[in-house]
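Trainee: Structure in structure tokens, see below.
The values are calculated or read from the model by the stated rules, or taken from the named source; none is laboratory data. Not measured: the values here are computed from a predicted model. Because the Cβ atoms are built from the backbone with ideal geometry, glycine has one as well, and the counts that use them run over all protein chains shown.
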Amino acid sequence: MPEITRDEVAHLATLARIDLSDAELDHLAPQLSVILESVASITGVAGDDVPPTSHAIPLTNVFRDDVVTPSLTAEQALAMAPASEQQRFLVPRILGDEQ
């Protein structure tokens, strides 16, 4: 498996909006390579006759009935909001167009 480069770690940090120093980038690149190698080694453990699973035992979801109950109107919900627009909460934008 190829090594993860410092530039790739910097790119991932940018995508995740994480500020990393040069020392942190140098420190994390080899660590991430080791993690990926460990994950790759696990894929070779299971044979072709073993189906992939996320849990050792089967899980069953329990759903409740969807029952309509009295709730707030849009006007009541937005009454104490600092800002609203078109019956929605108005919040500051956190994602830019740089990506």
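Trainee: Residue 64 - would you say it is in a loop (DSSP other than H, G, I, E, B), over 24 Å from the mean Cα position of the chain (by Cα) and either loosely packed, with under 11 Cβ neighbours inside 10 Å or at pLDDT 90 or above (or both)?
Mentor: Taking the combined requirement at face value, the residue satisfies it.
Residues are listed down the side, and each one gets a yes or a no for (1) at pLDDT 90 or above; (2) in contact with a strand residue (DSSP E or B) (Cβ under 6 Å, 6 or more places away or on another chain):
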site	(1), (2)
77	yes, no
84	yes, no
90	yes, yes
95	no, no
98	no, no
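Trainee: So is residue 56 assigned to a helix (DSSP H, G or I), among the hydrophobic types (A, V, I, L, M, F, W, C) and over 30 Å from residue 9 (Cβ atoms) or not?
Mentor: Here the answer is no, as residue 56 does not meet what is asked.
Trainee: Can you name every residue in the stretch 58-99 that is closer than 30 Å to residue 18 by Cβ and basic (Lys, Arg)?
Mentor: 88, 93 - these are the residues of the stretch 58-99 that are closer than 30 Å to residue 18 by Cβ and basic (Lys, Arg).
Trainee: For the structure I just gave you, tell me whether residue 40 is small (Gly, Ala, Ser) and within 22 Å of the chain's Cα centre (by Cα).
Mentor: yes
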